[in-house]
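Novice: Provided herewith is a single structure, encoded as structure tokens, for subsequent inquiry.
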Amino acid sequence: MVEADGASEKWGHTLDDLNGKVAVVTGGAAGIGRGITEALLEDGARVVIADVEAPVLEVAVKELSDLGSVRGVVTDVSSPASVEALADDVFGNEGACHLLFNNAGVTSGGGGRPWEQEPNDWTWCFSVNVFGVANGMLSFVPRMIASGQPGVVINTSSMDGGIAPVPYASVYASSKAAISCLTEALAHQLIAAGTELRAAVFYPSGGLLDTGLWTAQRNRPEALQRTRPRPPAPGTTFEEFKAQLEAAGRTVEVMDLNRLGRFCVDGVKRGDFIIGYGLEEAAEMLHRRADAIGAGQLPPAALT
């Protein structure tokens with residue numbers, strides 16, 4: 001392996017003033033995406049929310065319209081044609097895209113042993129979490145580069161996979177590990193190519209997150225449903241998981257999603273590559289994993 005020289009020194013700040021800038025947020029009608037959208041509107045950005053759920057999208061646009069310029073485009077990020085249509089819409093109507101938040105995500109439908117997952121679990125999770133981000137990159141990045149304007153691509157990963165594997169969420173964690181790797185590669189290549197774009201990876205963190213991930217199965221296509229019953233798994237809802245942690249004697253703090261959205265946007269404005277709470281603890285975990293790898297041993301697992 002050859003390390004790229006000087007990438008961190010060339011990182012720089014590209015967008016510290018968002019007033020009038022155009023931002024696209026996938027999965028932006030609810031949860032973390034909506035928190036990001038609100039923060040962007042507060043900073044004067046023009047926001048296009050891309051979401052697969054039309055009724056939720058309509059409500060979000062209506063409720064957020066008083067904060068600034070916001071509109072919605074129904075988009076299935078797992079479909080290259082749908083994301084390409086989104087890019088056509090954004091560049092045709094807004095004339096630019098300065099901030100692309102590839103934020104939409106799902107789970108495979110709960111935890112469980114890796115060998116108890118089905119091909120449809122892998123296809124469903126990766127089609128949104130990995131191919132969804134790839135589709136956004138493929139449709140938007142060439143146009144963003146061609147515009148010659150500064151911009152940032154922000155990909156939502158997870159510390160569950162992006163920092164260390166989580167044994168009971170192997171499909172989801174694997175998808176998020178792929179996003180961390182992809183974003184790092186994208187960031188280096190954008191710098192090496194001399195573009196005005198940068199990339200960042202966002203790790204939602206700071207506490208337990210009550211997001212749509214817990215009920216993501218509501219949007220799972222019929223063709224990708226499981227073909228046999230899922231083995232029983234504890235903690236498959238937010239409340240069950242929260243109660244499980246509390247029963248184990250762990251202090252549980254629920255993160256406010258609007259606060260998290262603001263934290264993410266502020267990280268982008270600072271020019272951070274990695275945006276997340278608890279990075280010192282993550283670094284300690286990575287050091288322990290590195291020590292195990294150096295000794296040829298099984299690295300310790302991340303425990304949420």
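The values are calculated or read from the model by the stated rules, or taken from the named source; none is laboratory data. Quick caveat, the model's predicted, so the values are computed rather than measured. Reconstructed Cβ throughout: ideal geometry from the backbone, glycine too, with neighbour counts over all protein chains shown.
Novice: Of all residues in segment 191-213, how many are modelled with pLDDT of 95 or more and surrounded by 21 or more Cβ atoms within 10 Å (Cβ to Cβ)?
Specialist: 7
Novice: Shifting gears a bit: Quick one: in segment 254-287, which of the residues that are farther than 23 Å from A199 by Cα and surrounded by 13 or more Cβ atoms within 10 Å (Cβ to Cβ) is farthest from the chain's Cα centre (by Cα)?
Specialist: Taking the candidates together, the pick is M285.
Novice: Okay, next question. Looking at segment 238-250, which of its residues are at pLDDT below 70 and more than 14 Å from Y168 (Cα to Cα)?
Specialist: So the first thing to find is which residues in segment 238-250 are at pLDDT below 70, and the list is 238-242, 245-246.
Result: F238, E239, E240, K242, L245, E246.
Novice: I need a count of the residues in segment 263-304 that are part of a helix (DSSP H, G or I), under 30 Å from L40 (Cβ atoms) and not acidic (D, E). Break it down stepwise before answering.
Specialist: Pass one, segment 263-304, residues part of a helix (DSSP H, G or I): 263-270, 279-294.
Next, only the ones that are under 30 Å from L40 (Cβ atoms) stay: 263-270, 279-283.
Applying the additional criterion that residues be not acidic (D, E) yields 263-265, 267-270, 279, 282-283.
Matching residues across segment 263-304 total 10.
Novice: Mind listing whichever residues of segment 71-103 are within 14 Å of V22 (Cβ to Cβ) and among the hydrophobic types (A, V, I, L, M, F, W, C)?
Specialist: Result: V73, L86, A87, V90, F91, A96, C97, L99, L100, F101.
Novice: I'd like to verify a number: residues in segment 10-48 that are over 16 Å from V128 (Cβ atoms) and in contact with a Ser or Thr (Cβ under 6 Å, 6 or more places away or on another chain), how many?
Specialist: Residues flagged as over 16 Å from V128 (Cβ atoms) and in contact with a Ser or Thr (Cβ under 6 Å, 6 or more places away or on another chain) within segment 10-48 amount to 2.
Novice: Keeping to segment 79-106, report how many residues are buried (at least 24 other Cβ atoms within 10 Å of the Cβ) and either free of Cβ contacts under 8 Å to residues at least 24 places away in the same chain or of a type outside the set (A, V, I, L, M, F, W, C) (or both).
Specialist: Residues meeting the conditions: 3.
Novice: Only one of these is modelled with pLDDT of 95 or more and within 25 Å of V201 (Cβ to Cβ): G278, G267, G296. Name it.
Specialist: Details: G278 fails: modelled with pLDDT of 95 or more; G296 fails: within 25 Å of V201 (Cβ to Cβ).
When all the criteria are applied, what remains is G267.
Novice: Let me ask something additional. Going residue by residue through segment 66-73, is there one that turns out to be at pLDDT 95 or above, under 24 Å from D256 (Cα atoms) and in a helix (DSSP H, G or I)?
Specialist: So far as segment 66-73 goes, yes, one or more of its residues are at pLDDT 95 or above, under 24 Å from D256 (Cα atoms) and in a helix (DSSP H, G or I).
Novice: Show me the helices (runs of 4 or more DSSP H) found entirely inside segment 128-203 where at least 2 residues are closer than 24 Å to V90 by Cα. It would help to see each step written out before you state the result.
Specialist: Numbers: elements: 131-147, 159-162, 170-192.
Per the criteria, 131-147, 170-192.
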